[in-house]
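Single-structure report; data block below.
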Amino acid sequence: MEKMTIACFGYGKTTRAIAKRFGPCTFFDDKAIESYSDEDGNTIHPVSKFDTTKFTHEIPSPGMPPYHPLIQNATHLISEYDFFAPTTPFSIWISGTNGKTTTTQMVEHLLSDKGAISGGNIGTPLADMSSEAPIWILETSSFSMHYNRTAVPNIYALLPITPDHVSWHGSMEEYYKAKLKPLTQMREGEAIILPKMFADVPTNGFKILYETEDDLAKYFGFDTSKIKFKGAFLMDALIAMGIDKILYDRCDYDKINAFILDPHRQEELRDTQGRLWINDSKATNIDATLAALRTYKEEKIHLILGGDDKGVELEELFTPLKNYDVTIYAIGSNAERLKTLCEHYAIPCTLCHTLDKAVEQIDKNHTRHTIAMLSPAAASLDQFSSYAERGNLFKEYAIGTSPNSLR
């Protein structure tokens, strides 16, 4: 049997976990100016030194785009999911534009008594997951699925799809194609929880179609009045409960209500004046921001928008924004673009460029009867290391810098 020689594309969390388990490996990374070795004996080379004839497997970091030179020159490309497919246990994949992390966490919470563990895009690479666990719950991005050829889930839950990662995929059609790829290989009797807009996509799996939370509640027989989560989180909870129902015919309201949401998802904070600040930094695309706005639709909202919008058409945000009593505070790399759109749609806007300036401006206008919200509809990496850093700074600025609040 031919010895396996692995090339890892990108010196990231996923590929480093593979090298730790199967290495040492050879890495090719955009940040490498010259070749070097790390403490684990791996060799890291500049991209220009890649030679596909030297490897049997070439595994990309999930976020590496298809137009990258390494992808273009690879002849033994295999995705992380395909690489581990032969040893993957019963698997549940959670995908969609928003809510993947929360839904994955909720499913793990409900199936914890069955030994289920979670991973994938949620933070644990497949190389670090135990093949002894009976169930893997994988938060699965369109990036991951784009490169898959053989890996397939036993249950697939697709949350609503809205424009995202267009610049990476090249078009919305390609984005949809990646999200729907698992359907082509799923077998008869395997369940697919699927938005109705994709009802006609062929598959041998069993489709459970939905458009609203009511559709899911009706299909599974759930009483939404007994579930504490509202808005977008209700959809997450119903899908998680639906998976528990499919597998074990259970409906445990107490257990789902005991689930605690992560920070940076519509996280409510009050200053000493009793004014409400909402940290929704994880809203990195349009649909997530619209979901947050719907939760507070009856209020006057001071909304911080902006960052790296990843090439999406922002008109899909501004058309519904006209129905809210909202003032925009524009930050990030698309701040000028936001300002122009606000003028076009006659929505009040203050051009702030940075988060601290936005909070400073909001503080002058915010009262106990208004809502101040960071829900950027954009990624954070233009100005921050992560959405978490952005959210933590927002909380620090909102609660710590207001001259009329805690000082």
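Annotations
- Integer Hz, Karplus 6.51/-1.76/1.60 couplings in order for segment 183-191, x for Gly and Pro: 4, 5, 10, 6, 9, 4, x, 7, 8
- Remark: segment 209-219, residue by residue, has Karplus-estimated 3J(HN,Hα) of 8, 8, 10, 10, 4, 4, 4, 5, 4, 5, 4 Hz, where x stands for each Gly or Pro and the curve is 6.51 cos²θ - 1.76 cosθ + 1.60 at θ = phi - 60°.
- Annotation note: GluC sites (Glu not before Pro) in segment 103-195 located in DSSP loop regions with a Cβ neighbour count of at most 15 within 10 Å are Glu132, Glu188.
- Counting every C-alpha pair in the chain, the share spaced more than 42 angstrom apart comes to 17%.
- Cα→Cβ-extended label distance, 7 Å offset, between Ile71 and Glu396, nm: 3.5 nm
- For the chain, the Cys residues with no second cysteine's beta carbon closer than 4.7 Å are Cys8, Cys25, Cys251, Cys352.
- Taken over segment 177-264, the percentage of Cα pairs per 10 Å bin, counting from 0 up to the bin with the maximum distance, is 15, 45, 30, 10.
- Solvent-accessible area per residue, Å², over the chain with all protein chains present [probe radius 1.4 Å]: 44 Å²
- Protection-proxy order for peptides 73-86, 259-272, 292-305, each taking the mean of Cβ atoms within 10 Å per residue, highest first: 292-305, 73-86, 259-272
- Sorting Cys342, Cys349 by accessible area puts them as Cys349, Cys342; the probe is 1.4 Å, largest comes first, and only protein heavy atoms count.
- Cα gyration tensor shape of segment 1-47, rounded if a/c is under 1.5, else prolate or oblate by comparing a/b with b/c: prolate
- Relative contact order [Cα under 8 Å, 6+ residues apart], segment 1-152, whole percent: 22 percent
- Protein accessible area in segment 54-116, 1.4 Å probe - carbon and sulfur %: 54 percent
- Solvent-accessible area assigned to carbon and sulfur over segment 153-269 amounts to 51 percent, based on a 1.4 Å probe.
- For segment 333-393 versus segment 260-278, the inter-centroid distance based on Cα atoms is 16 Å.
- Remark: the chain carries a charge dipole of roughly 360 debye about the Cα centre, counting +1 on each Lys and Arg Cβ and -1 on each Asp and Glu Cβ.
- Multiplying the residue separation of Cys251 and Thr354 by 0.36 nm and subtracting their alpha-carbon distance yields 32.5 nm.
- Nearest-0.05 FRET efficiency for Glu211 and Leu269, computed from C-beta distance (R0 25 Å): 0.15
- For the chain, DSSP calls about 10 percent of its internal beta bridges antiparallel.
- Long-range HN-HN contacts of Ile304 with modeled amide H, under 5 Å: Tyr329, Met373, Leu374, Ser375
The values are calculated or read from the model by the stated rules, or taken from the named source; none is laboratory data. For clarity, every value in this text was computed on a predicted model and none was experimentally measured. Note that we place each Cβ from the backbone using ideal geometry, even for glycine, and neighbour counts take in every protein chain shown. Keep in mind that these areas ignore ligands, DNA and RNA; they rest on the heavy atoms of the full protein, side chains included. Shrake-Rupley method; radii C 1.70, N 1.55, O 1.52, S 1.80 Å.
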